[in-house]
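The values are calculated or read from the model by the stated rules, or taken from the named source; none is laboratory data. Predicted model only: the values in this text are computed from it and were never measured. Methodologically, a virtual Cβ is constructed for each residue, glycine included, from the backbone with ideal geometry; neighbour enumeration extends over all protein chains shown. Note: accessible area is taken over every heavy atom of the protein model, side chains too, but ligands, DNA and RNA are not part of it. Shrake-Rupley method; radii C 1.70, N 1.55, O 1.52, S 1.80 Å.
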Amino acid sequence: MAGLALEGPDPDADVLGGINGLAKDAPAWVNHTMEYLGEYGVLAALAVLCVLAWWSVRRRAGAPAAVAGLVWAPLAAGLALLANIPIRAIVGRPRPFHDHPALAVLVPGKTDYSFVSDHATLAMAVGVGLFLVRRSYGLIGIGLALFEGFCRIYLGLHYPTDVIGGFALGTAVVLLLAPLAQALLVPLMTRLGRSRAGRLVRAPGVPETVAAPDAEAAVEAAYAQAFAETYGERYAPEGGERAADGASGGPAVRAGAPGGERPERDLAA
């Protein structure tokens, strides 16, 4: 495998040389595929993932809050890209091929600065934003973001630390501003759900909010199962019966410890 000839310890350039060296030994069709995926393909896949997540959450109770979270994901990605503009100007790090001409640069013509990677920032922001709404979609999105970072290094366009910095920036913007975003977006999506365009927020017949008794029963059932697994099967009938009562609309009694004792901590809090 062809890599970079480097002098002195430089882990950033070492990893860059190792990953980019794969491009030198790969067939042309592989490099063309990686070029397309790294520039457009992964971002397009994330867009499709967001649409699939929207179609899923709008068919569940409490859809306005979930849709608000999905709206926040691309908005956060856009804010992260705006935040990266001054970061790039302040750091002023040249693209790696300026200092390492032996790199195989698969996407020529890049003249802007390298730190941090816009593609990595955008991809991770969307992935983390999806994770806050639906973990299954979010894990796929984060996996796509990690692959996007690998592609940027493979193409010879970024150092590994450029990609890591992009991941950190995208994640930080999503998580730090999520409470404010939800406070603004949830009421907006709730109003939109009651308007003529309500189908964009929730499917017909879907309740606007999650019923509290159902949520409580779900917590009780989960607690009863966990308690039975921890302390033995002899306590399972008691916990299971109490959870079933709550789920069927009867009196919601929390699954407690042996002898009728109740746990001190309220897991629904």
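Structure above, values below:
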| item | result |
| --- | --- |
| Any hit, region 15-30, residues being open to solvent by 60 Å² or more (accessible area, probe 1.4 Å), under 30 Å from residue 205 (Cα atoms), in contact with a Phe, Trp or Tyr (Cβ under 8 Å, 6 or more places away or on another chain) and assigned to a helix (DSSP H, G or I) | no |
| Tally of residues being modelled with pLDDT under 90, in a helix (DSSP H, G or I) and open to solvent by 60 Å² or more (accessible area, probe 1.4 Å) across region 169-215 | 6 |
| Among residues of region 57-91, those that are of a type outside the set (Lys, Arg), at pLDDT below 90 and either under 15 Å from residue 174 (Cβ atoms) or more than 18 Å from the chain's Cα centre (by Cα) (or both), counted | 4 |
| Cross-chain or 6+ apart pairs with Cβ under 7 Å, region 57-79 first and assigned to a loop (DSSP other than H, G, I, E, B), then hydroxyl-bearing (Ser, Thr, Tyr) | 61/209; 62/209 |
| Residues of region 133-152 satisfying the condition of being open to solvent by less than 40 Å² (accessible area, probe 1.4 Å) and in contact with a Ser or Thr (Cβ under 9 Å, 6 or more places away or on another chain) | 148, 149, 152 |
